[in-house]
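What follows is one structure encoded as structure tokens, with my remarks underneath.
The values are calculated or read from the model by the stated rules, or taken from the named source; none is laboratory data. The structure displayed is predicted, hence computed values, not measured ones. As a convention, Cβ positions derive from the backbone with ideal geometry for all residues, glycine included, and neighbour counts pool all protein chains shown.
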Amino acid sequence: MPTKDRTGLAILLSLIALALFDAMGLIIKHLSAGYSAAELSAWRNLFGLVPATIALWSSRSWHNAGRKLRIRQWRLALARGAIVTGAQLSFYLSLGRLEFATASTITYANALFMTAMAVPLLGEKVGPLRWAAVMIGFVGVILVMQPGSDAFSTDALLPLIAAFLYALVGVTARLFDDDVPSPLVNLYSSVTSLAGAFVVALFWGGFTPIANSTDMAWIVAMGAVGGTAVLFLVVSYRMTEQSNLAPFSYFGIPMAFVLGWIFFDETPFDALFPGALLIAAGGLMIIWRERVLRQRSKASVAE
């Protein structure tokens, strides 16, 4: 637990990060008409290295450890970067093919995937209540995707794949040694995902020449906004426990709906509800249960 808990400021920073992630998504959707998902992923990671480096340089634990860049589990760190590449490609493709709110909402299934994957990867015991929460959330995902209906598209699988891969990134982060600073792990992932995205972009058909200075400005903004969002999240997680922040992440669902409506005139209300509510309900149940278990564990240790 951080030495100084500043929960209020941490919540504010996490909400700003959420808004920045949505802003990045809007830019990606805007640029998707002229550039491939692989290109956008490469550019996002390139310009996102600046905030990632700032986050590492601001890490007190990294300085106290002698500013070491090499870590014992470097292979795992590089593998996570490759997974991030796949997650970004899937999500960026979905933003170009689906309505903004629909693609964003489906990715919130990552909390459900994280709970399920914690069993085989971390050896955690998941009780009936959390499994029920996972099932409720996945029912919500199915309702949003609408399989079997005329509205269903296989493109709806893309944000689900992204959610699974982002969840895998999140779960594997807990496999690192405790003394490894989170910003250093993030920098490893950023560099590897940058290399992976550039390779994929080259095989995808190469890089499209930047059409004009406006597009270049959007591309720079995309990387800067996305990288800054990660930086804000890292800072907020260092201020308080993650369980204090997780419930607020679901503000992103209505936020994505409003932004899609304002910028792209999209109103997929029938597609999103009640499925989006079930996704949020399942995720919040998991968060609540994990918080209860953590408090019980602290109480037993104190005794």
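Given the conditions (1) polar (S, T, N, Q); (2) surrounded by fewer than 20 Cβ atoms within 10 Å (Cβ to Cβ); (3) closer than 20 Å to LEU49 by Cβ, which single one is not true for THR214?
Failing condition for THR214: (3).
Check whether at least one residue in the range 158-180 is under 29 Å from THR192 (Cβ atoms), basic (Lys, Arg), in a helix (DSSP H, G or I) and modelled with pLDDT under 90, and report yes or no.
Among the residues of the range 158-180, at least one is under 29 Å from THR192 (Cβ atoms), basic (Lys, Arg), in a helix (DSSP H, G or I) and modelled with pLDDT under 90, which makes the answer yes.
Select, from PHE207, PHE263, PHE232, PHE251, the only residue that is of a type in the set (Phe, Trp, Tyr), touching a residue at least 24 places away in the same chain (Cβ under 8 Å) and over 30 Å from VAL144 (Cα atoms).
PHE207
State which residue pairs qualify: first residue in contact (Cβ under 8 Å) with a residue 60 or more places away in the chain and over 16 Å from LEU20 (Cβ atoms) and inside the range 48-64, second residue surrounded by 14 or more Cβ atoms within 10 Å (Cβ to Cβ) and of a type in the set (Phe, Trp, Tyr) in any location, beta carbons under 9 Å apart, and separation of 6 or more residues or different chains.
Sorted first by the residue in the range 48-64, then by its partner, the pairs are LEU56/TRP62.
From the list LEU245, LEU277, which residue is over 21 Å from SER90 (Cα atoms), touching a residue at least 12 places away in the same chain (Cβ under 8 Å) and surrounded by fewer than 17 Cβ atoms within 10 Å (Cβ to Cβ)?
Working: LEU245 fails: surrounded by fewer than 17 Cβ atoms within 10 Å (Cβ to Cβ).
Testing whether each residue is over 21 Å from SER90 (Cα atoms), touching a residue at least 12 places away in the same chain (Cβ under 8 Å) and surrounded by fewer than 17 Cβ atoms within 10 Å (Cβ to Cβ) leaves just LEU277.
Could you go through the range 267-274 and let me know if any residue there is hydrophobic (A, V, I, L, M, F, W, C) and within 30 Å of PRO181 (Cα to Cα). If you could, list the steps in order and put the result at the bottom.
We begin by selecting, within the range 267-274, every residue hydrophobic (A, V, I, L, M, F, W, C); these are 269, 271-273.
Keeping just the survivors that are within 30 Å of PRO181 (Cα to Cα) gives none.
No - not one qualifying residue is present in the range 267-274.
Given the structure, is SER249 modelled with pLDDT under 85 and in contact with a Leu (Cβ under 6 Å, 6 or more places away or on another chain)?
Values: modelled with pLDDT under 85: yes; in contact with a Leu (Cβ under 6 Å, 6 or more places away or on another chain): no.
Judged against the criteria, SER249 is not a match.
Within the range 101-119, count every residue that is of a type in the set (Phe, Trp, Tyr) and crowded, with 24+ Cβ neighbours inside 10 Å.
First pass over the range 101-119, keeping only residues of a type in the set (Phe, Trp, Tyr): 108, 113.
Now drop any that are not crowded, with 24+ Cβ neighbours inside 10 Å, which leaves 108.
Residues in the range 101-119 being of a type in the set (Phe, Trp, Tyr) and crowded, with 24+ Cβ neighbours inside 10 Å: 1 in total.
When you scan the range 18-34, do you find a residue that is surrounded by 15 or more Cβ atoms within 10 Å (Cβ to Cβ) and of a type in the set (D, E, K, R), even just one?
Within the range 18-34, one or more residues are surrounded by 15 or more Cβ atoms within 10 Å (Cβ to Cβ) and of a type in the set (D, E, K, R).
Show me the helices (runs of 4 or more DSSP H) entirely contained within the range 36-124 in which 3 or more residues are within 17 Å of the chain's Cα centre (by Cα). Write out each step before concluding.
On the way: elements: 37-57, 60-64, 74-97, 100-106, 110-122.
The qualifying helices (runs of 4 or more DSSP H) are 37-57, 74-97, 100-106, 110-122.
Filter the range 43-62 down to the residues that are touching a helix residue (DSSP H, G or I) at 6+ places or on another chain (Cβ under 8 Å) and among the polar types (S, T, N, Q), then identify the one that is surrounded by the most Cβ atoms within 10 Å (Cβ to Cβ).
Across the range 43-62, the extreme among qualifying residues is ASN45.
Under the condition of being in contact (Cβ under 8 Å) with a residue 24 or more places away in the chain and surrounded by fewer than 16 Cβ atoms within 10 Å (Cβ to Cβ), which residue from the range 129-138 is nearest to PHE164 (Cα to Cα)?
Initially, the range 129-138 is screened for residues in contact (Cβ under 8 Å) with a residue 24 or more places away in the chain, giving 129-130, 132-138.
When the remaining residues are screened for being surrounded by fewer than 16 Cβ atoms within 10 Å (Cβ to Cβ), the result is 129, 132, 135.
Working: LEU129: 21, ALA132: 18, MET135: 15 Å.
Ranking the candidates gives MET135 first.
Residues checked against (1) of a type outside the set (A, V, I, L, M); (2) within 15 Å of SER14 (Cβ to Cβ):
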{"position": "GLY223", "(1), (2)": "yes, no"}
{"position": "VAL230", "(1), (2)": "no, yes"}
{"position": "SER236", "(1), (2)": "yes, yes"}
{"position": "PHE248", "(1), (2)": "yes, yes"}
{"position": "PHE251", "(1), (2)": "yes, yes"}
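Would you point out which residue out of PHE251, PHE269, PHE257 is farther than 24 Å from ILE286 by Cα and either out of contact with any Asp or Glu (no Cβ under 7 Å at 6 or more places or on another chain) or of a type in the set (Phe, Trp, Tyr) (or both)? Walk me through it before giving the result.
Numbers: PHE251 fails: farther than 24 Å from ILE286 by Cα; PHE257 fails: farther than 24 Å from ILE286 by Cα.
Going through PHE251, PHE269, PHE257 in turn, just one is farther than 24 Å from ILE286 by Cα and either out of contact with any Asp or Glu (no Cβ under 7 Å at 6 or more places or on another chain) or of a type in the set (Phe, Trp, Tyr) (or both): PHE269.
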